[in-house]
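Novice: Input: one structure, supplied below.
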Amino acid sequence: MAAITGRLISPSPSAMLHIDLDRFKHINDTLGHAAGDAMLVHAAEVLRRNTRESDIVARIGGSEFIIATMGPTSNAGLSALAERIIEEMRRPVPFQSQECRFGSSIGVAVNDSVGAYTTKQLLIDADLALYRAKKSGRNRYQFFDASLKAEIVSRKILADEILSGLEWREFLPYFQPQFDVVGVEALARWRHPTRGLLAPGAFLTTAEELGVVPLIDRIILDETLWQSARWAAAGIAIPRNSVNVSARQLQDGALIERLRGLPITPGELSFQLLESIFLDEDSDTITSNIAGLAEMGIHVEIDDFGTGYASIISLLQLRPTRLKIERRKSRAAKRRAGSTMPQKRRRSPAAYLSSTPRPVLPRRRPVAANPA
């Protein structure tokens, strides 16, 4: 390298190409050094065949070569040269009844119009461009430019800062909580063709006026069961799926019969009911359907518990699996750290349902169900 640098110092070359053979090490290691030597000879012939008499071609070590162009050149001419070299290098080379294939990556550094860059600097710049070419996928060429130089300077500054950070112990742990997924809550969303993903607040009132909320509930339940089956097939364990159910759907006398035709595994599905369900006048049908859900192994949860609609008698009749305290009530209880009365008052109905207290689950973010 020193000899080449010294030879090229005066005059400086108009451009420097740094070539590295891709997959050369693989050929050398698998077929032996004789195969590697044959590939080097082939590469040298390709380079010599595509350069001018005045240009200098040299192997600088391993599988690396350089071309120093000593006459006038242009970026277009250098691009054409690099493309010819890459194309010829990738052609199969026969060796002992086998065909060896390898490619080449090339870094190109161009001198300015007055030849101000030294040979050493051109070698450095071409090497940096070669590194970028190999990092971008190999079998390509890359010109050295100002952005690449800025990237190198930035990386050097970052390296210095890392070393300084180690010296001053500036690295510290940030803690991210880990969770075990005990279940998912299926929340209705509308993938609107122009407005994007819409939450129920954007369409529920109008859907209620149209009387189509039970149809939406049915679609959400079908999609939830379908996605649950996909998770199970993929080995993803989701112990419980919770689905919101409207009062209108519980008033459907054919609800249980329709559910029996769906692939529901006992114990894995929960229906979430709003506490306001207890105000509904059609209580006989609702009570019958809730009993049918229990027979099928479908759990019942009371959502937004604490709004004041449910009596203890109603809860004793329903015997829900879980109560989810209304969010504002739980926040108020936290703010009143000096008094536990609000929490006790809201927990007392649950105490009548079971001697074993059940956890009150917070709202969870929905788990996306990708049908793709």
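Novice: Residue by residue through segment 91-100, note down the ones that are within 38 Å of the chain's Cα centre (by Cα) and surrounded by 15 or more Cβ atoms within 10 Å (Cβ to Cβ).
Specialist: Within segment 91-100, just Cys100 meets the criteria.
Novice: Residues in segment 65-99 that are closer than 21 Å to Gly137 by Cβ, outside any helix (DSSP H, G or I) and not basic (Lys, Arg): how many?
Specialist: So the answer is 2.
Novice: Also: Output the qualifying pairs, or none if there are none: Cβ atoms under 7 angstrom, residues six or more apart or on different chains, first residue in segment 26-55 and closer than 13 Å to Phe102 by Cα, second residue among the small types (Gly, Ala, Ser) and assigned to a helix (DSSP H, G or I).
Specialist: Within 7 Å, the pairs are Ile27/Ala35; Ile27/Gly36; Asn28/Ala35; Asn28/Gly36.
Novice: In segment 120-157, which residue that is surrounded by fewer than 18 Cβ atoms within 10 Å (Cβ to Cβ) and in contact with a Ser or Thr (Cβ under 6 Å, 6 or more places away or on another chain) is modelled with the lowest pLDDT?
Specialist: Among those that are surrounded by fewer than 18 Cβ atoms within 10 Å (Cβ to Cβ) and in contact with a Ser or Thr (Cβ under 6 Å, 6 or more places away or on another chain), it is Arg138.
Novice: Now a separate question. Out of the residues in segment 70-119 that are of a type in the set (S, T, N, Q), touching a helix residue (DSSP H, G or I) at 6+ places or on another chain (Cβ under 9 Å) and at pLDDT 95 or above, state the one that is nearest to Gly36 (Cα to Cα).
Specialist: Ranking the qualifying residues of segment 70-119, first place goes to Ser104.
Novice: Being touching a residue at least 12 places away in the same chain (Cβ under 8 Å), among the acidic types (Asp, Glu) and either surrounded by 15 or more Cβ atoms within 10 Å (Cβ to Cβ) or within 15 Å of Pro200 (Cβ to Cβ) (or both) narrows it down to one residue among Asp217, Asp222; which is it?
Specialist: Asp217
For (1) in contact with a helix residue (DSSP H, G or I) (Cβ under 8 Å, 6 or more places away or on another chain); (2) exposed (fewer than 14 other Cβ atoms within 10 Å of the Cβ); (3) modelled with pLDDT under 65; (4) outside any helix (DSSP H, G or I), each residue gets a yes or a no:
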residue	(1), (2), (3), (4)
Ile286	yes, no, no, no
Asn289	yes, no, no, no
Tyr309	yes, no, yes, yes
Ser314	yes, no, yes, no
Leu323	yes, no, no, yes
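Novice: Please enumerate the residues belonging to segment 113-155 that are assigned to a loop (DSSP other than H, G, I, E, B), basic (Lys, Arg) and over 32 Å from the mean Cα position of the chain (by Cα).
Specialist: None - no residue of segment 113-155 is assigned to a loop (DSSP other than H, G, I, E, B), basic (Lys, Arg) and over 32 Å from the mean Cα position of the chain (by Cα), so the list stays empty.
Novice: Could you list, in sequence order, all residues of segment 92-118 that are in contact (Cβ under 8 Å) with a residue 24 or more places away in the chain and in contact with a strand residue (DSSP E or B) (Cβ under 7 Å, 6 or more places away or on another chain)?
Specialist: Result: Val93, Cys100, Phe102, Gly103, Ser104, Ser105, Ile106, Gly107, Val108, Ala109, Val110, Asn111.
Novice: Mind counting the residues in segment 51-88 that are under 21 Å from Val110 (Cα atoms), of a type outside the set (A, V, I, L, M) and within 45 Å of the chain's Cα centre (by Cα)?
Specialist: Going through segment 51-88 one residue at a time, the tally reaches 9.
Novice: So for segment 253-273 (the condition being of a type outside the set (Lys, Arg), at positive phi, modelled with pLDDT under 70 and not in a helix (DSSP H, G or I)), does at least one residue qualify?
Specialist: For segment 253-273, residues of a type outside the set (Lys, Arg), at positive phi, modelled with pLDDT under 70 and not in a helix (DSSP H, G or I): absent.
The values are calculated or read from the model by the stated rules, or taken from the named source; none is laboratory data. Because the structure is predicted, anything quoted here is derived from the model rather than measured. Note that each Cβ is placed from the backbone with ideal geometry, even for glycine, and that neighbours are counted across all protein chains shown.
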